[in-house]
Amino acid sequence: MKQFTAIVVDDEINNRQNLISLLSKYCPEITVLGEASTVQEAKHLVKTTSPEVVFLDIEMPGGNGFKLLEGEVDFKVIFVTAYDAYALKAIKFSALDYLLKPIDKEELIQAVAKLELEDSEKERSKLENLGSFLNQGEQRIALNLQEEVRLVAVKDIIRIEADNNYSTIYLSNEQVLVSKNLGYYYDLLKDSGFIRTHQSHLVNRSIIEKLVKKDGGSLVLKNGDSVPVSRSQKENILKVFEEV
C-alpha cells in the first residue's frame, strides 16, 4: 500500500479532529503532518511540510479555501465542505474528490483510493464522477447544531434571521439555532434563490407571497411570516416581483 502525506484545513477544530480520526481509523495510508484553521496557516503549512494531499474546507474566516490553490500547486486536493454548490468550481481546480460534511467513511475511503489513480483515463473519469455528483438529487446544506450535524434540503429553508453571531434558520416544520452568522449563509445561498431583505434577514425567494408597502415595507411569506425590508434593499426586492 502506497503511503501519502497530508494536511487538514478547516476553521472548526471539531471538524479537523473528526477527519483526522477517520483517516487514522479507515485510511492508514494517509499520514497527517499537520492541521490549519485558515488559508494563511495552510499556506505556511504547505510550504514547511510539502504534503502530497490537502483535505480542504472551502468557507473559512479570512479567506475562501480556493485561495490556497491560486498559482502553482504541487499537491492533490480533496475538498471537504458542508455545501454542494462548489462542485463545478472544484472541477475547475482539478480536485481529486469532493466530500460533503458530515463525512461518510465509505466516501472518504473511496476518495483516498483515488490518490493512486494517475493515468489520464482515470483522471477523465474523476471529472465525470464529479459532474454526475451535481445531478444527484436536491441541493443540501449541513447545519451544525448543538447535538448533531443535520443535512437539510435548501428548498426547505424558508428564511434565516441573524441572532448576534448566531443565526436562526426557519425550516418548513421547525426552527433551529446555528453557530454561523448571517453573512456566512448569504455567501452560501445567494446563488440558490435567496435574497437579503434586511441586514438581519435572508429569505428564500420561492416562499415570498407579497410585498406590503406601508410602515417602511415588509414581505409576507407563504407560511404567514412577515419580514422587514430595509430601504437599501427595497430596489432589489422590487426586481424580484418584476421577474415573476
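The values are calculated or read from the model by the stated rules, or taken from the named source; none is laboratory data. This structure is a prediction, so every number in the text was calculated from the model and none was measured. Cβ coordinates were reconstructed from backbone atoms using ideal geometry, including for glycine residues, and neighbour counts include every protein chain displayed.
Some points to look at:
- The residue that is surrounded by the most Cβ atoms within 10 Å (Cβ to Cβ), counting only those in segment 9-52 that are farther than 30 Å from Gly183 by Cα and among the β-branched types (Val, Ile, Thr), is Ile30.
- Qualifying residue in segment 22-39 (condition: within 19 Å of the chain's Cα centre (by Cα) and assigned to a helix (DSSP H, G or I)): yes
- Phe66 being in a helix (DSSP H, G or I), under 19 Å from the mean Cα position of the chain (by Cα) and either touching a residue at least 24 places away in the same chain (Cβ under 8 Å) or loosely packed, with under 15 Cβ neighbours inside 10 Å (or both): yes
- Residue-level check: of (1) part of a helix (DSSP H, G or I); (2) under 28 Å from Asn64 (Cβ atoms), Phe241 misses just (2).
Conditions tested, residue by residue: (1) farther than 19 Å from Leu96 by Cα; (2) out of contact with any Cys (no Cβ under 9 Å at 6 or more places or on another chain); (3) of a type outside the set (Val, Ile, Thr); (4) in the same structural domain as Leu69 (by TED's automatic domain parsing).
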{"residue": "Asp11", "(1), (2), (3), (4)": "yes, yes, yes, yes"}
{"residue": "Asn15", "(1), (2), (3), (4)": "yes, yes, yes, yes"}
{"residue": "Asn18", "(1), (2), (3), (4)": "yes, yes, yes, yes"}
{"residue": "Ser24", "(1), (2), (3), (4)": "yes, yes, yes, yes"}
{"residue": "Glu29", "(1), (2), (3), (4)": "no, yes, yes, yes"}
{"residue": "Val32", "(1), (2), (3), (4)": "no, yes, no, yes"}
{"residue": "Thr38", "(1), (2), (3), (4)": "yes, yes, no, yes"}
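- Scan of segment 195-244 for residues that are β-branched (Val, Ile, Thr) and free of Cβ contacts under 8 Å to residues at least 24 places away in the same chain, ordered by number: Val212, Val220, Val244
- Among the residues of this structure, Tyr98 counts as one that is buried (at least 22 other Cβ atoms within 10 Å of the Cβ) and among the hydroxyl-bearing types (Ser, Thr, Tyr).
- Taking strands (runs of 3 or more DSSP E) as the structural unit, those lying wholly within segment 102-210 and holding at least 1 residues that are in contact with a Phe, Trp or Tyr (Cβ under 8 Å, 6 or more places away or on another chain) and modelled with pLDDT under 85 correspond to 140-144.
- The numbered conditions (1) in contact with an Asp or Glu (Cβ under 7 Å, 6 or more places away or on another chain); (2) more than 20 Å from Lys101 (Cβ to Cβ); (3) of a type in the set (D, E, K, R) are all true for Lys155 except (2).
Here is a yes/no grid of residues against (1) more than 21 Å from Asp84 (Cα to Cα); (2) not polar (S, T, N, Q):
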residue: Leu151; (1), (2): no, yes
residue: Arg159; (1), (2): no, yes
residue: Tyr166; (1), (2): yes, yes
residue: Ile169; (1), (2): no, yes
residue: Gln175; (1), (2): yes, no
residue: Leu182; (1), (2): no, yes
residue: Leu189; (1), (2): no, yes
residue: Ser192; (1), (2): no, no
residue: Ser200; (1), (2): yes, no
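- The set of residues in segment 29-62 that are without any contact (Cβ under 8 Å) to a residue 60 or more places away in the chain, touching a helix residue (DSSP H, G or I) at 6+ places or on another chain (Cβ under 9 Å) and among the aliphatic types (A, V, I, L, M) comprises Val32, Leu33, Ala36, Val39, Ala42, Val46, Val54, Leu56, Ile58, Met60.
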